[in-house]
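Contents: one structure, followed by commentary.
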Amino acid sequence: MKKTAILFPGQGSQYVGMGQAFVEQDPEAAALMDLAERISGFPIHTLCFQGHLADLTRVLYLQPALTVINLICLQQLRKALPGFTPAFFAGHSLGEYSALHGAGVITLEDTLALVTKRGQLMEREGVAHPGGMRAVVGLGIDQIEAILADFTGPGVAVVANHNTASQIVLSGDAAGLAAVGAVCEAQGGKVIPLNVSVANHSPLVAGAVEDFAAFMADIAFQPPEVPVLFNVTGREERDPGQIKEIMAQQIASRVRWLSIVERMIAEGVELVVELGPKNVLTGMIRKILPKQSAINCVQADSPESLAKVVEMVAG
């Protein structure tokens, strides 16, 4: 089998109908969605399959809904390839919880409980401190950092995601995003509003960190069975206590996605598999890979696309 990294998407990849084919075809996938409904207390089936995208995008509902689809995709891959062990797990923002479960750090039930609580706390902070996120394409991190260093307000704007060399996501309130976005456009960047309801990975949601850490205190974390590369550091961590601290800080910290992918490349990964809705991460990775790279990228969120992944992983 090929040396494979498994990645999970986060907020922004949701769509109505995600995961439906798996749930309709496999009772085990349906049971996993039922579990998500029981733990979250939300109508996950309706939100994912018949709901309005505005409801599905609401951070309160989105976090358990998207996570269970990621986990169903992992479940289906494992059923198709029993005994397969990837070289790495990673997840983008919310997707990091799916990676922790994949690596054996947290149980299925605790994964769903954690993302449900995380969504509740982040929605609370979003109501208290409204904001959003915007992707900036075409400017490098040094240019963005210089723009932010010169920004004196009013408003809040910070780098939330360092996704690729030329795609950086800003997070903040309306005034800050408008002002910084205008400077980015004046310097040749393209600014794209993102379909999220909260200013993730910014000081506007930092009020959730302490409460989320307290919630995690009673949940058992195990050392990863497979290396996990973390958003906050871009590196591997094995100590359960440190992982808890990282996951609490992750709410308001920068996602160092470029560093994660560069580490995988340096470690000789041959295949990158995105498990979950859409192919946002796959698109970003293709922009990061060196020209003429032999590394393949593939995404799966349906039985048909999963069959292709299974074939590629098997070599």
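Odds and ends about this structure:
- Taking the criterion of being assigned to a helix (DSSP H, G or I), out of contact with any strand residue (DSSP E or B) (no Cβ under 6 Å at 6 or more places or on another chain) and open to solvent by 50 Å² or more (accessible area, probe 1.4 Å), the residues of the stretch 179-200 that qualify are A182, V183, A186.
- One residue from G10, G51, G17 being under 15 Å from T116 (Cα atoms), part of a loop (DSSP other than H, G, I, E, B) and in contact with a helix residue (DSSP H, G or I) (Cβ under 9 Å, 6 or more places away or on another chain): G10
- In the stretch 216-259, the residue that is surrounded by the fewest Cβ atoms within 10 Å (Cβ to Cβ) out of those that are touching a strand residue (DSSP E or B) at 6+ places or on another chain (Cβ under 9 Å) and assigned to a helix (DSSP H, G or I) is S259.
- Looking across the stretch 74-113, the residues that are in a helix (DSSP H, G or I) and either of a type in the set (D, E, K, R) or in contact with a Lys or Arg (Cβ under 7 Å, 6 or more places away or on another chain) (or both) come down to R78, K79, E96, E109, D110.
- F49 more than 30 Å from V269 (Cα to Cα) and modelled with pLDDT of 95 or more: yes
- Scanning the stretch 38-48 for residues that are part of a helix (DSSP H, G or I), open to solvent by 50 Å² or more (accessible area, probe 1.4 Å) and in contact (Cβ under 8 Å) with a residue 60 or more places away in the chain yields a total of 1.
- If you go through the stretch 260-303 and keep only what is closer than 22 Å to G17 by Cβ, in a helix (DSSP H, G or I), touching a residue at least 12 places away in the same chain (Cβ under 8 Å) and not polar (S, T, N, Q), you end up with V280, L281, P303.
- Where E125 falls short, out of the listed (1) of a type outside the set (V, I, T); (2) open to solvent by less than 40 Å² (accessible area, probe 1.4 Å); (3) outside any helix (DSSP H, G or I): (3)
- Scanning the stretch 18-32 for residues that are farther than 13 Å from N70 by Cβ and either open to solvent by 30 Å² or more (accessible area, probe 1.4 Å) or within 19 Å of the chain's Cα centre (by Cα) (or both) returns Q20, A21, E24, Q25, P27, E28, A31.
- Filtered residues of the stretch 64-116 (kept if over 20 Å from T233 (Cβ atoms) and among the hydroxyl-bearing types (S, T, Y)): T67, T85, T107, T111, T116
- Counted residues, the stretch 139-173 - those being open to solvent by 40 Å² or more (accessible area, probe 1.4 Å), over 21 Å from V205 (Cα atoms) and in a loop (DSSP other than H, G, I, E, B): 2
- Every listed requirement among (1) touching an Asp or Glu at 6+ places or on another chain (Cβ under 7 Å); (2) farther than 18 Å from N163 by Cα is met by N231 save one, (2).
- Qualifying positions in the stretch 54-65 - out of contact with any Phe, Trp or Tyr (no Cβ under 9 Å at 6 or more places or on another chain) and in a helix (DSSP H, G or I): A54, T57, V59, L62
- Out of L60, L71, L35, L81, sole residue that is touching a residue at least 40 places away in the same chain (Cβ under 8 Å) and open to solvent by less than 10 Å² (accessible area, probe 1.4 Å): L71
The values are calculated or read from the model by the stated rules, or taken from the named source; none is laboratory data. Just so we're clear, the structure is a prediction, and the values are computed from it rather than from any experiment. Quick reminder, even Gly has a Cβ in these numbers, built from the backbone with ideal geometry, and neighbours come from all protein chains shown. Ligands, DNA and RNA are excluded from the accessible area calculation, which covers all protein heavy atoms including side chains. Shrake-Rupley method; radii C 1.70, N 1.55, O 1.52, S 1.80 Å.
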